[in-house]
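The structure appears below as structure tokens.
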Amino acid sequence: MIIAPSVLSLDYSDFKNQLNTLNRTVEWIHFDVMDGHFVPNLTFGPDIQKAFRKNTSLFIDTHLMVSNPEFFADVFINAGSDQITFHYEVYDNDEDCIKLIKKIKNKYVKAGISIKPKTPVSAIKGILPYVDNVLVMSVEPGFGGQKFIENAHAKIKELSRLKKENGYSYHVEVDGGINDQISRSVLLDGADVLVAGSFIFNGNIESNVESLRNTEPKL
């Protein structure tokens, strides 16, 4: 299991201390980029991510919730992303998605595809051979603190099944409403990356991360 705290929920008045805590407790950080157009919220520009890159060696997982992912992929690759994940719904076809995935990977950065709660896994089956990461949104993208949408369970199971049946190597990542009550069930579904924001940063970060780790099923 990989834990990827969403730094949308980080307390920026305590940036250094909270990031230092993440540096010793997690593997990834999840960086949500919203343009106020694809989703009705506006978040970070590249300079904020550059500040993270200067202060961490953690894997930076950049989630583009934007209407022009081709432009922003370059911007955030230059700002230190290790992985760029963009939304299938921007293009709504395999050809354009695969073209951007290849462009990202040609810059030696991992590439992922994300789907909103109403988008079925069947929509991206032709893209799965090309990606390093599939991000299942278990809330409507745009805002933190929402409740987990139950239809994500079936999607995670289907992605896990397709991965095993076809020998794919992508991570199955889940973002939205993740806490220590939900985490075990999504891990049993086949998820291997958990994105959590409000749950991790509300209170003691180390304790909250540990409580997620304790939900990992023992094989």
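State yes or no: is V75 within 22 Å of L135 (Cβ to Cβ), touching a Pro at 6+ places or on another chain (Cβ under 6 Å) and modelled with pLDDT of 95 or more?
Numbers: within 22 Å of L135 (Cβ to Cβ): yes; touching a Pro at 6+ places or on another chain (Cβ under 6 Å): yes; modelled with pLDDT of 95 or more: yes.
Criteria met by V75.
You will find that of I60, I29, the residue that is among the aliphatic types (A, V, I, L, M) and under 25 Å from D189 (Cβ atoms) is I29 and no other.
Looking at T119, T85, can you tell me which residue is buried (at least 17 other Cβ atoms within 10 Å of the Cβ) and in contact with a Gly (Cβ under 8 Å, 6 or more places away or on another chain)? It would help to see each step written out before you state the result.
Working: T119 fails: in contact with a Gly (Cβ under 8 Å, 6 or more places away or on another chain).
T85 is the lone residue from the list that is buried (at least 17 other Cβ atoms within 10 Å of the Cβ) and in contact with a Gly (Cβ under 8 Å, 6 or more places away or on another chain).
On inspection, S81 passes the criterion of being of a type in the set (S, T, Y), out of contact with any His (no Cβ under 6 Å at 6 or more places or on another chain) and closer than 18 Å to Y170 by Cβ. Residues that are at pLDDT 95 or above and basic (K, R) number at least 1 in the following helices (runs of 4 or more DSSP H) confined to the range 171-219: 183-189, 205-213.
Selection of the range 60-101 for residues being within 17 Å of I124 (Cα to Cα) and aromatic (F, W, Y) yields F86, Y88, Y91. Filtering the range 187-219 to residues that are touching a residue at least 40 places away in the same chain (Cβ under 8 Å) and of a type in the set (V, I, T) leaves V193, V195, I200, I205, V209. Could you please give the count of residues in the range 16-31 that are of a type outside the set (F, W, Y), in contact with a Ser or Thr (Cβ under 8 Å, 6 or more places away or on another chain) and free of Cβ contacts under 8 Å to residues at least 60 places away in the same chain? Number of matching residues: 3.
Return the pair list, or none, for Cβ contacts closer than 6 Å from residues in the range 150-163 that are more than 14 Å from A123 (Cβ to Cβ) to residues that are hydroxyl-bearing (S, T, Y), at least 6 apart or on different chains. As it stands, the answer is A152/S138, since those pairs meet every condition given.
The values are calculated or read from the model by the stated rules, or taken from the named source; none is laboratory data. Please read all numbers here as calculations on a predicted model, not as lab measurements. Note that each Cβ is placed from the backbone with ideal geometry, even for glycine, and that neighbours are counted across all protein chains shown.
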